[in-house]
Amino acid sequence: MPHFTVTQHSAPVDAQERASKLANPGFGQVFTDHMAMARWNEAQGWHAPEIRPRGPLSLDPATAVLHYAQEIFEGLKAYRRPDGSVALFRPQKNAERFRTSAKRLQMPMLPEDWFLESVSQLIAIDKEWIPTGNGSLYLRPFMFGSAAFLGVKPSAEYLYIVIASPVGSYFSGGKESVTIWISEKITRAAPGGTGSAKCGGNYAASLPAQAEAYKNGCDQVVFLDAVERRWIEELGGMNIFFAFEGELITPPLGDTILPGITRASIIEMAHSMGLKVSERAYSADQWRADAESGKLLETFACGTAAVITPIAEVRSEKGSFKIGKGGAGPVAVKLRTALLDIQFGRAPDKFNWVYPLKI
Ligand SMILES: *Cc1c(COP(=O)(O)O)cnc(C)c1O
C-alpha cells in the first residue's frame, strides 16, 4: 500500500474564515488546504506519493496536456454520518473507471489502492472541511500527461492529483427541478470516440451546446446520438432516466455514454423496489410524444454532483414540452431519498456500497 505522507503542512487556517466558507459553499468554489499527489514515469512506475499544501503547479509551456489533452478525472463525495464518522460511496467503482479512462487515453493505470489511499489520506488531513448537514466533500482525482515535448504520442510522465471541495447544492439556489435543452447540432460522443471515458476533452467540446442551452433559458443540455441524431444519450455530466407506470427506461451503455455510478446504483435500487428497469434506446420524438400523451410520468438526471435532479421542461428548436406535473415526481423523490439515506448513513447499507474511513 502506498503511503501518502504529508511532506509539508499548509499554513494554519483561520477557523472563522473556514466556517464562513462552509456556511454556503455552492459547488466547486471552495477548496480545502491540501492536495494528494503522485507521479509516474517509465523507469519508476507510480512513485512519490505525498500530501502537500494545495497550490499552483509550475508547468513547462510544452507540457503534453496543454497541447494534446491527455487528461482524465473522477468525481466522488465523502459524507458525514449521524455518528460523526465519514464515508465514501462506492469509491472502488471510481478507481475502476479511472483505470478504464486511462486505458482509453493511453495513460498508465493507477492501482486501486493508490486511488483509495490518496483520497482517504487527503480527507483525513482536511477533515475540518467536511460540511455537516446536507453538504458533502467533493473529491476530484485527476491525471495528466506532464512531460514537456511537442508531438502526438503518449506522454512519458504523468502527474496524478486529488483536490477536495466542500459542496452544497449543484444547481445554484438549490433548484428542485431543471429545464433542459436538446442539442440537435452538436454531439458529445461518437461511436469509437471517448464518450465513455471521463476525459477533460469531452467537456470542452460540449461547451457550445451548453451556451446554447443557457441562451434558451435552460440549465443543462441533453445530447442525441451522433449517427442518427435521434436517440437520447445523456446530459453534459449526468445520465438520464424516464419513469413510466411500473417501469424505468435509461439509454443503454456503449462507447458514447459515460457509465455513471449513480446510474448503476439507481438501477439496483429500482429493482429492489420492484420497479422494472429497461436499458434501451429511447428517441427524442418518443420522449415528446410520451410527455404529451401523459404516458411518461417523470424524467430525471443523475450523477454524483447533482444526485437525482428532476427535469420539468424540455426545449429544442422544435419547441418545448413539459413533463408530468412539472416538479419533482414521486419516483425521483423516492429514489433520491433512498440514495441519500444510504450515502449519509441514515439507512442500512443493504447493498454494501458504503466505504467507511478510519479518520
Ligand atoms: C461523471 C459523469 C456522469 C455521472 O457519473 P457518476 O459516476 O454517477 O457521478 C454522467 N455523465 C457524464 C458525462 C459524466 O461526466
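Could you list all residues from segment 279-298 that are more than 16 Å from the ligand (Cβ to nearest atom) and open to solvent by 20 Å² or more (accessible area, probe 1.4 Å)? Within segment 279-298, Arg280, Ala281, Asp285, Gln286, Arg288, Ala289, Glu292, Ser293, Gly294, Lys295, Leu297 meet the criteria.
Among the candidates Ile240, Ile267, Ile232, single out the residue that is outside the structural domain of Gln106 (by TED's automatic domain parsing), within 16 Å of the ligand (Cβ to nearest atom), farther than 30 Å from Tyr68 by Cβ and without any contact (Cβ under 8 Å) to a residue 24 or more places away in the chain.
Selected residue: Ile267, the only one of Ile240, Ile267, Ile232 that is outside the structural domain of Gln106 (by TED's automatic domain parsing), within 16 Å of the ligand (Cβ to nearest atom), farther than 30 Å from Tyr68 by Cβ and without any contact (Cβ under 8 Å) to a residue 24 or more places away in the chain.
Here is a check on your reading of the model: is Val333 closer than 28 Å to Leu137 by Cα, assigned by TED's automatic domain parsing to the domain that holds Glu228 and open to solvent by 10 Å² or more (accessible area, probe 1.4 Å)? Judged against the criteria, Val333 is a match.
Among residues of segment 62-84 being among the acidic types (Asp, Glu) and either in contact with a helix residue (DSSP H, G or I) (Cβ under 6 Å, 6 or more places away or on another chain) or open to solvent by less than 60 Å² (accessible area, probe 1.4 Å) (or both), the one that is farthest from the ligand (Cβ to nearest atom) is Glu71. Candidates Ala87, Ala95: the one that is touching an Asp or Glu at 6+ places or on another chain (Cβ under 6 Å), under 27 Å from Leu339 (Cβ atoms) and crowded, with 19+ Cβ neighbours inside 10 Å is Ala95. Could you say which residue among Met1, Met107, Met37 is assigned to a strand (DSSP E or B) and of a type outside the set (Asp, Glu)? Within the list Met1, Met107, Met37, the selection yields Met37.
Do we find a residue being open to solvent by 20 Å² or more (accessible area, probe 1.4 Å), of a type in the set (D, E, K, R) and within 13 Å of the ligand (Cβ to nearest atom) anywhere in segment 204-217?
no
Selection of segment 213-229 for residues being over 20 Å from Lys175 (Cα atoms) and either touching a residue at least 24 places away in the same chain (Cβ under 8 Å) or basic (Lys, Arg) (or both) yields Phe223, Leu224, Asp225, Ala226, Val227, Arg229. Please verify whether segment 345-354 includes one or more residues that are assigned to a strand (DSSP E or B) and either more than 24 Å from the chain's Cα centre (by Cα) or assigned by TED's automatic domain parsing to the domain that holds Ser196 (or both). No: segment 345-354 contains no residue that is assigned to a strand (DSSP E or B) and either more than 24 Å from the chain's Cα centre (by Cα) or assigned by TED's automatic domain parsing to the domain that holds Ser196 (or both).
The values are calculated or read from the model by the stated rules, or taken from the named source; none is laboratory data. Note that the structure is a prediction, hence the values are computed from the model and not measured. Note that each Cβ is placed from the backbone with ideal geometry, even for glycine, and that neighbours are counted across all protein chains shown. When the accessible area is computed, the model is the full protein with side chains, heavy atoms only, and any ligands, DNA or RNA have been set aside. Shrake-Rupley method; radii C 1.70, N 1.55, O 1.52, S 1.80 Å.
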